[in-house]
Amino acid sequence: MTLEETQKQVDEWIQQYGVRYFSELTNMAVLTEEVGELARVMSRTYGDQSNKKGEELNLADEMADVLWVLICLANQTGVDLTEAFEKNIAKKTNRDADRHSQNPKLR
C-alpha cells in the first residue's frame, strides 16, 4: 500500500464511520497522546520500566495509532505525504551524505 493509498483509505474511513475529522488542534493533541502510549510500550519493552499487572503491550498497534492520526492531520491540512516524504529523504541525503559515516560516535 502506498502513502497515497493510505491517505485515501483513512479519508474514506472517516467519511464512512467517523462522521468528520476532529479539528486539527484536537488531532494534534490526540497525536501527542498516541506518541505517549507508544513511549510507554517502548519504555516497558526496551527500557527499565516493568509492566503493570494485567497491562497488555502492543507495539505494532501503538505505532499504527500514531500513523493513523498523522495521516488524519496530513489529510486535513492538504499535505501529500508521498511528496513530503520524498522531499524529506532528498533533504536528509543532501545534508547527511557524509555526516553519519564520519561520526566517530557511530563506530
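Here is how the numbers come out for the structure above:
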{"quantity": "Residue 45 vs. criteria farther than 21 Å from residue 10 by Cα, in a helix (DSSP H, G or I) and at pLDDT 95 or above", "calculated": "yes"}
{"quantity": "In the range 48-104, residue nearest to residue 7 (Cα to Cα) [restricted to those that are of a type in the set (Gly, Ala, Ser) and in a helix (DSSP H, G or I)]", "calculated": "74"}
{"quantity": "Residues satisfying the stated conditions in the range 1-57, i.e. closer than 12 Å to residue 71 by Cα and hydroxyl-bearing (Ser, Thr, Tyr)", "calculated": "6, 21"}
{"quantity": "Meets criteria (under 16 Å from residue 28 (Cα atoms), out of contact with any Lys or Arg (no Cβ under 9 Å at 6 or more places or on another chain), modelled with pLDDT of 95 or more and charged (D, E, K, R)) for residue 65", "calculated": "yes"}
{"quantity": "Of all residues in the range 12-63 being in contact with a Leu (Cβ under 7 Å, 6 or more places away or on another chain), of a type in the set (D, E, K, R) and in contact (Cβ under 8 Å) with a residue 24 or more places away in the chain, the one that is surrounded by the fewest Cβ atoms within 10 Å (Cβ to Cβ)", "calculated": "24"}
{"quantity": "Residues satisfying the stated conditions in the range 1-11, i.e. in contact (Cβ under 8 Å) with a residue 60 or more places away in the chain and either surrounded by fewer than 16 Cβ atoms within 10 Å (Cβ to Cβ) or out of contact with any helix residue (DSSP H, G or I) (no Cβ under 7 Å at 6 or more places or on another chain) (or both)", "calculated": "2, 4"}
{"quantity": "Residue in the range 68-87 that is surrounded by the most Cβ atoms within 10 Å (Cβ to Cβ), counting only those that are free of Cβ contacts under 8 Å to residues at least 40 places away in the same chain and on the phi < 0 side of the Ramachandran plot", "calculated": "70"}
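The values are calculated or read from the model by the stated rules, or taken from the named source; none is laboratory data. Remember, it's a predicted structure, so these values are computed and weren't measured experimentally. Cβ atoms come from the backbone with ideal geometry, glycine included; neighbour counts cover every protein chain shown.
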